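Notes follow once the structure below has been shown.
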Amino acid sequence: MKQAINKSNRSSRRRLPPIRSGEIIDYKNINLLRRFISEQGKILSRRMNRLTSKQQRLMTIAIKRARVLALLPFLNNEN
């Protein structure tokens, strides 16, 4: 009986996908990119982001482009 309750709780608690279907991974979309960067300015791992490997590659490229164009900081050392 306890297993059935746990199983139903797990299935009902579905996580939302980190990227909506209409969102495009682009270096100009700073609000989207900021969700995948840590407080220190590091790119978060794929496991933490819950992205596919293709999405993670595109996200990394977009973040690096935004950093080069000074749209995002390389480091966030605000103490």
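Quick notes on this structure:
- Residue list for the stretch 60-79, restricted to those being among the polar types (S, T, N, Q) and open to solvent by 100 Å² or more (accessible area, probe 1.4 Å): Asn77, Asn79
- Members of the stretch 36-59 that are polar (S, T, N, Q) and surrounded by 15 or more Cβ atoms within 10 Å (Cβ to Cβ): Asn49, Gln55, Gln56
- Tally, over the stretch 25-52, of residues that are of a type in the set (S, T, N, Q) and over 12 Å from the mean Cα position of the chain (by Cα): 2
The values are calculated or read from the model by the stated rules, or taken from the named source; none is laboratory data. Treat the numbers as computed from the prediction; the structure is a model and nothing was measured. Counting neighbours? That spans all protein chains shown, and the Cβs are built from the backbone with ideal geometry, glycine included. The protein model used for the area step is the full one, side chains on, heavy atoms only, and it has no ligands, DNA or RNA in it. Shrake-Rupley method; radii C 1.70, N 1.55, O 1.52, S 1.80 Å.
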